[in-house]
2 protein chains.
Amino acid sequence: MDHLKPRAANSPPLTPLGYLERAATVYGGCTSIVYGNTTYTWADTHDRCLQIASSLSSCGIKRGQVVSVLAPNSPAAYELHFAVPMCGAILNNINTRLDPRTISILLCHGESKLVFVDHELSNLLLEALNLLPPTHPRPQVVLIEETDQSFRSNTDGIQSQVLSSQYLTTYEEMIKKGDPKFNWIRPESEWSPIVLNYTSGTTSSPKGVVHSHRGAFIMSMDALIDWSVPKQPVYLWTLPMFHANGWSFTWGMAAVGATNICLRKFDGPTVFDTIQAHNVTHMCGAPVVLNMLSNLPNPTPLSSPVHILTAGAPPPAAILLRTESLGFIVSHGYGLTETGGLIVSCAWKPKWNKFPASERAKLKARQGIRTLSASEVDVIDSETGKSVPKDGHTVGDIVLRGGFLMLGYLKDPEGTSKCMGDDGWFRTGDVGVMHLDGYLEIKDRSKDIIISGGENISSVEVESMIYSFPGVNEAAVVARPDEYWGETPCAFVSFKDEVKNPPSERDVIEYCRAKLPHYMVPKTVVFKKELPKTSTGKIQKFVLRDIAKALGPSKASRL
Amino acid sequence: MDHLKPRAANSPPLTPLGYLERAATVYGGCTSIVYGNTTYTWADTHDRCLQIASSLSSCGIKRGQVVSVLAPNSPAAYELHFAVPMCGAILNNINTRLDPRTISILLCHGESKLVFVDHELSNLLLEALNLLPPTHPRPQVVLIEETDQSFRSNTDGIQSQVLSSQYLTTYEEMIKKGDPKFNWIRPESEWSPIVLNYTSGTTSSPKGVVHSHRGAFIMSMDALIDWSVPKQPVYLWTLPMFHANGWSFTWGMAAVGATNICLRKFDGPTVFDTIQAHNVTHMCGAPVVLNMLSNLPNPTPLSSPVHILTAGAPPPAAILLRTESLGFIVSHGYGLTETGGLIVSCAWKPKWNKFPASERAKLKARQGIRTLSASEVDVIDSETGKSVPKDGHTVGDIVLRGGFLMLGYLKDPEGTSKCMGDDGWFRTGDVGVMHLDGYLEIKDRSKDIIISGGENISSVEVESMIYSFPGVNEAAVVARPDEYWGETPCAFVSFKDEVKNPPSERDVIEYCRAKLPHYMVPKTVVFKKELPKTSTGKIQKFVLRDIAKALGPSKASRL
């Protein structure tokens, strides 16, 4: 039986890069990217990616080297998901909302050899480069200039001025000089790295997540099936491509020959206008995007349904219902930078459609069940390592295994081994419960649990309740030290602009008291105009925790 | 960087078996299988599969042993695609149309330890077992009894009579005794075998194709995306499950929580009735199924569209058009037992919808372009190994590589190495052309090429022309020795029943002469009531070649 084994013909490395050539063959004449007044076809995108890959090779970029990208959701940002790995290099998307110091740390840590930077972010990058240690080799920089006339006027001057000194060349020059017949460099192994993504987690400092070609292939296929993405959807890029590579839909959209609508930035009205103008069918975003859509003062309901996939935090019921009432079909899932995309999703059951709206929203706010390529997902007792009972209330650690999982953290063997140990589980750092029906629900990031008088309080649960309070825009609950209980919930709340007479702290507390077990009711409520957020739009609980701590311990009182 | 590697958490073996547990969680209360008056839910199917797997383990079936199945498209046949590999064994579906001698050869070659046999095929199996060499250990036999009342009456007697002597037990008994909480046996490696499929190729003797868990996972995911299968389709089993495991849709339908409509046998009217009764949305079949549907005398057009996926031979234009006119949406692809499913498909371009019907049919009859998981598919010159020009007429060998490809042929290292050589290509044995637009078209099985006066004649091309002759039911063209030209085309033709005055040999030849290059026109036309077919419904060209040879060389004549 020795001959029944992997051979060259049955084990070519799995990689998503081959989707592009196929898209050019099948969808060559169809639109691949819309950006302002610019459109490209899949034939164009294929050629442009090969041209960039060929130019990168000519610049001396070698297999396994890191190439960084600092750009909004532009055509270049999309193309570089193919072009960079097609020259054998590792793509490193950098979060555009980071500060220069953090960016310089990432460039240094990843040993980036070349950075593509969008013209609007060039000052940010140049500042970051100036902060590199003097001994650190300075990466080459390629300027992504503005090519679309509708965005052009205000940046033209800057480009020509700085180009001579700081930049190797421009993106479009690189394309012009590149060879569209370039024989792209296939990975040596399917385990070869394809991307390096720095996490902007809410609980820890940035870590360099390295994914393999195999992982990206599996995740991108899985995501298409899990969301039932048809051929040739019109996909609106509201999710940043730098965020887990647009949860792998950067590659996935080539697989189905989508039209990618790229927006440099957006607000609620822009999203609605773009949906109507281009007949958008699909989009993704954190709950903050749903919030933005549902809070528009006079939104026109959509003329045809738009599928929106959300993740990153459980969407509050009120926001879910408002978004759906506008004509969005909301799906909810769960993933981490380490999984490269969503690996748990709230697969909807037809019988749930008969339930009342509030019940439906509650069901949909659960993270759900593993996707097809997730071998196993479980909630385990952190001490015994055994599955917690499927009772919907016993909290445990969320663990998983699957072919989409990262290779590990760059230059961090210890951190890698810590989360992917000998027991074969990846520890997500999140805690949750398993419901009787086998659906998973996240209760909190490990650090977000409030322990009050020995009882675990899920801050998410309290937040959900506060979100249902009329006029609330954002809510976050953290632990505040308490003289008697150890910790008690402290709520931070912002109201919508149209709320003229905001309620008092007492009003919010009494509202919660009527609906929650007493031990879960916030003892403190702090009103804010806006809550502090991470660069990916997650509320920064660690900042709020510091504020709560600075308030000093709340006074003893038995509830 | 040594720590960036496969670990237990990121490299659990890829396998399609996990789809079942997920289907039970998401679609537990929904119908999984309909069979006569019997229906099962996904929760039932999950339990039944685990019960069978547990009983197989109790019977002593061990990891890596072969378990065979001889059954029509029944619930048992479906369930065994999960149950057999879930006990660690290798599933060996046997073609139900084979003769006892061939079946005994396969059981012997595969060293099958246990055979599940459908009650209607028990005599066939018992005959086959009697033909096993006396020294060969006799496999255990489990009788799949009839459980559905609508099929029951005529077999009841046989079962109780023979059960005592020949059978270990019955299928339902095995389920009763099995444990639905059985901890199923995961593959040791994703390269571990999951199935053994004997090919019924038209050009060679049967070979035992072994596929891995990894291959089945990749193929089943790929097939769902390529055909854009939505969640919870209603899938009609017209394709035999024993045929490349229903092209991997056995597993795939669990992935999307489909309703599987199982038919023991079918004809045109049954298919139409079943489609209406169950609101069928999807089905597969060789062109012979399309032929059956399109030849019904008074078919009622479908009330809602049914997606039908065909492969195995290029569907003749006339049949394609007739099938589509009834409301079927026909997709066409290409695969082999060795690829485990379709790995080339004729991805449809919206712009083609504007073309006239005959042009559309011609485009759709092309096999198409590689699917997402097919790394590469090419047509190469058999001598130089170089790609043939994309000109639509230079014939070459069809070669491919991809993660779905078999591990190899059981006990045949030489055959395995011959088709999967050092150049990294799998040689399909088929020949074709590459069109300018990158779409592949098969011109023939290698042996089906007719070489006349030094010109290669594609028998498929000549057959296509004959199919357009009014009243033709089936057509096959093979080489007949020729005194002057070496070989000339010899056509075998059958007419539809309603044709009362069949045309003459001369009529057919003149019809072809008006439309084909003269060297391609058949010099001989033989009329048959029916053409000989393989057990999977392919026309047996080797039988026809023998007949043509026996006719003796056609006389010299210059065309």
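Coordinate-derived values only; no laboratory data. Every value quoted in this text rests on a predicted model; they were computed, and no experiment measured them. Here Cβ is always computed from backbone atoms with ideal geometry, including for glycine, and neighbour counts include all displayed protein chains.
Average projected area of the Cα convex hull of the range B:416-492, in nm²?
Values: hull surface 30.7 nm².
Mean projected area for the range B:416-492: 7.7 nm², to one decimal.
Copy-to-copy label distances for A:E359, where each label lies 7 Å from Cα along Cα-to-Cβ, are 5.6 nm in order of increasing length. Listed by chain and number, the aspartates and glutamates whose C-alpha is less than 14 Å from the C-alpha of B:K528, apart from same-chain residues fewer than 8 away, are B:E474, B:D497, B:E505. For the protein assembly as shown, the residue among B:V280, A:L114, B:S417 whose Cα projects farthest onto the positive side of the dipole built from Cβ charges is B:V280. Based on alpha-carbon atoms, the Kirkwood radius and the radius of gyration of the range A:375-427 give Rg/Rh equal to 1.03.
With K and R counted +1 and D and E -1, the other residues having a Cβ less than 15 Å from that of B:G368 yield a net charge of +2.
Peptides B:500-510, A:168-178 ranked from most to least packed by the mean count of surrounding Cβ atoms within 10 Å: A:168-178, B:500-510. Cross-linked pairs A:K231/B:K418; A:K538/B:K231; B:K265/B:K541; A:K411/A:K549: Cα-Cα separations exceed 27 Å for A:K231/B:K418; A:K538/B:K231; A:K411/A:K549. For the range B:43-212, the equivalent ellipsoid derived from the alpha-carbon gyration tensor has semi-axes of 22, 22, 15 Å in decreasing order. Computed over the Cα atoms of the protein assembly as shown, the ratio of the radius of gyration to the Kirkwood radius (Rg/Rh) comes to 1.00. The value for the range A:221-446 of Rg(Cα) / (2.2 N^0.38 Å) is 1.04. Averaged over the residues of peptide A:83-91, the number of Cβ atoms from other protein chains lying within 10 Å of each residue's Cβ is 0.
Each copy carries a label point for A:P134 at 7 Å from Cα toward Cβ; from one copy, the others' points are 9.6 nm away, ordered from shortest. Axis of helix B:100-110 versus longest Cα principal axis of chain B: the two differ by about 60°, to the nearest ten degrees.
As a test, work out the antiparallel percent of DSSP beta bridges whose residues both lie in chain A, rounded to the nearest 5.
Roughly 55 percent of the beta bridges in chain A run antiparallel, per DSSP.
Within 10 Å of the Cβ of each residue in B:11-18, the mean number of Cβ atoms contributed by other protein chains is 5.
Please compute the alpha carbon radius of gyration of the range B:284-327, then divide it by the globular-protein estimate 2.2 N^0.38 Å. Two decimals is fine. Please report the intermediate quantities before stating the final value.
Details: Rg = 9.9 Å, N = 44, 2.2 N^0.38 = 9.3 Å.
Ratio of Rg to 2.2 N^0.38 Å for the range B:284-327: 1.07.
The angle between the Cα long axis of helix A:268-278 and the main principal axis of chain A comes to about 50°, on a 0 to 90 degree scale. Counting only residues at least eight positions apart within a chain, or on another chain, the lysines with an alpha carbon under 26 Å from that of A:K176 are A:K62, A:K113. All distinct Cα pairs of chain B go into the 1/r average, and the inverse of that average, the Kirkwood radius, is 24.8 Å. Which angle between 0 and 90 degrees, to the nearest 10, do you get for helix B:75-86 versus the longest principal axis of chain B when only C-alpha atoms count? Between helix and principal axis, roughly 70 degrees. Each label was represented as a point 7 Å from its Cα along the Cα-to-Cβ direction; for B:L126 and B:D148 these points are 2.5 nm apart.
Size descriptors for the range A:222-331: radius of gyration and Dmax over Cα atoms are 12.9, 37 Å.
Computed over the protein assembly as shown, the per-residue total of -39500 (n - 2.57) for DSSP H runs of n ≥ 4 gives a 222 nm mean residue ellipticity of -9000 deg cm²/dmol, rounded to 500. Sorted from nearest, the other copies put their B:L326 label points 4.7 nm away, the label point being 7 Å from Cα in the direction of Cβ.
First check a/c for the range A:62-113, with a ≥ b ≥ c the square roots of the eigenvalues of its C-alpha gyration tensor; if it is under 1.5, answer rounded, and if not, answer prolate when a/b is larger than b/c or oblate otherwise. Kindly include the intermediate steps, with their values, before the conclusion.
Working: a/c = 3.91, a/b = 1.20, b/c = 3.26.
Judged from the Cα gyration tensor, the range A:62-113 comes out oblate (a/c at least 1.5, b/c at or above a/b).
Determine Rg/Rh for the range A:453-550; Rg is computed over alpha-carbon atoms and Rh is the Kirkwood hydrodynamic estimate from the same atoms.
Radius of gyration relative to Kirkwood radius: 0.95.
Sorting the segments A:89-95, B:75-81 by their residues' average number of neighbouring beta-carbon atoms within 10 angstrom, most packed first, yields B:75-81, A:89-95.
How high is the FRET efficiency between A:R63 and A:E383 when r is their beta carbon distance and R₀ equals 56 Å, given to the nearest 0.05? Computed FRET efficiency for A:R63 and A:E383: 0.80.
Mind checking B:400-410 for the average number of partner chain beta-carbons within 10 Å of each residue's beta-carbon?
Numbers: counts 2, 6, 6, 9, 1, 6, 3, 8, 8, 2, 3.
That works out to 5 on average.
Listed by chain and number, the lysines whose C-alpha is less than 17 Å from the C-alpha of B:K362, apart from same-chain residues fewer than 8 away, are B:K349, B:K351, B:K354, B:K443, B:K515. Working ranking of peptides B:348-356, B:108-116 by packing, defined as the average number of other Cβ atoms within 10 Å per residue, highest first, is B:108-116, B:348-356.
Using the Cα coordinates of the range B:170-287, the gyration tensor eigenvalues translate into equivalent-ellipsoid semi-axes of 25, 21, 17 Å, sorted from longest to shortest. Shown for the range A:385-535 is the translational diffusion coefficient from the Stokes-Einstein equation, using the Kirkwood radius over Cα pairs, a temperature of 20 °C and a viscosity of 1.002 mPa s: 122 µm²/s.
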